[in-house]
Amino acid sequence: MWRALRIVVLLVILVVAAGVTLGDRLRTTAWTDTLWVGVYPVNADGSDAAAAYIGALEAGDFADVEAFFTREAQARGVTLARPVRVEPYPAVAVPPPVLAPDAGPLGRIGWSLAMRWYAWRQASGTRADVRLFVLFHDPAITTTVPHSLGLQKGLVGVVHAFADDGMTARNAIVLAHELLHTLGATDKYDLATGLPLWPQGYADPDARPRVPQVAAEVMAGRIPLARDVAEMPESLADVVVGEATAVEINWPAP
């Protein structure tokens, strides 16, 4: 009896979560109001460098992200003057739950629910439609950061970034990528090789010759230079929202 009761409770939780997710999906991709994105910094390694970087953060540090969404949205016919607003909040002391690399389907469901509970506790009372917990790493300690994650269910993301002024532009690319995940956009690169998939992962899939490309599709993350060579763009100035991604986030056709 207790096992059946636990199953019923879990099903109720999942149904409620599904309803909330659908409502969030419709609301955040209507593009009738500015989407507020809260950035909640976390000192990933407890370093002085990360603490100093976080302490100096201000809204202007995310101007590239806002400019990117304004440029790309208006190119697709979105009439909002400011489609996305990024607002940094005070540092969060407690790091988000970690998704185990070998987590199966149940483990991922459990982590997703734990992540939503964490976001609610850490960001309650703040004005944000999407909550991005950005874990800043001192590059002198960490040279390669873990994979970032964005969840449409719960409108929450975990972004790993470097606490280095020289990496601000590339951090912005990762933040934009994960933000789009929370809005329903999917990855457009080969998970085995990291290379952009054609045509959906190419900024200009109709280019002749196909490569080299001059920009990166945001959900592919790299600029294809040859059949098996691609490089990370320097900034969001070299990134676009492709047709497939625009459809996923409900932007009008050009």
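None of the figures in this text is laboratory data; all of them are computed from the coordinates on show. Fair warning: this is a prediction, and the values are worked out from it, not measured in the lab. Cβ coordinates were reconstructed from backbone atoms using ideal geometry, including for glycine residues, and neighbour counts include every protein chain displayed.
Here are a few things to note about the model shown:
- Amide H partners (placed H, <5 Å) of Val239, local residues excluded: Ala216
- Cα-based Rg of the stretch 185-254 normalised by 2.2 N^0.38 Å, two decimals: 1.01
- At R0 = 30 Å, FRET efficiency that the Cβ-Cβ distance of Trp117 and Thr186 yields, to 0.05: 0.75
- Cβ-derived FRET efficiency at R0 41 Å, Gln74 paired with Asp102, nearest 0.05: 0.45
- Screening the chain for whole DSSP H helices of 30 Å or more along their axis (Cα) with average Kyte-Doolittle hydropathy at least 1.6 returns none.
- Scaling the Cα radius of gyration of the chain by the globular reference 2.2 N^0.38 Å produces a ratio of 1.04.
- Evaluated at q = 0.09, 0.20 Å⁻¹, the base-10 log of the normalised Debye intensity for the stretch 106-245, with identical point scatterers placed on the Cα atoms, takes the values -0.30, -1.21.
- Counting DSSP beta bridges with both ends in the chain, the antiparallel % (nearest 5): 30
- Of Leu80, Leu155, Leu191, the residue with the greatest mean-square motion in the GNM of the chain, using alpha carbon springs below 10 Å, is Leu191.
- Full-stretch length increase - Arg82, Arg227 - with 0.36 nm per residue and alpha-carbon distance subtracted: 48.5 nm
- Given their separation in residues at 0.36 nm each and the Cα-Cα distance between them, Glu234 and Ala67 gain 58.6 nm when the chain is fully extended.
- Hull volume per residue, based on the alpha-carbon atoms of the stretch 51-127 and their convex hull, is 158 Å³.
- Amide N proximity, the stretch 212-234 versus Asp204 label position 7 Å along Cα-to-Cβ, cut-off under 16 Å: 212-218, 223-226
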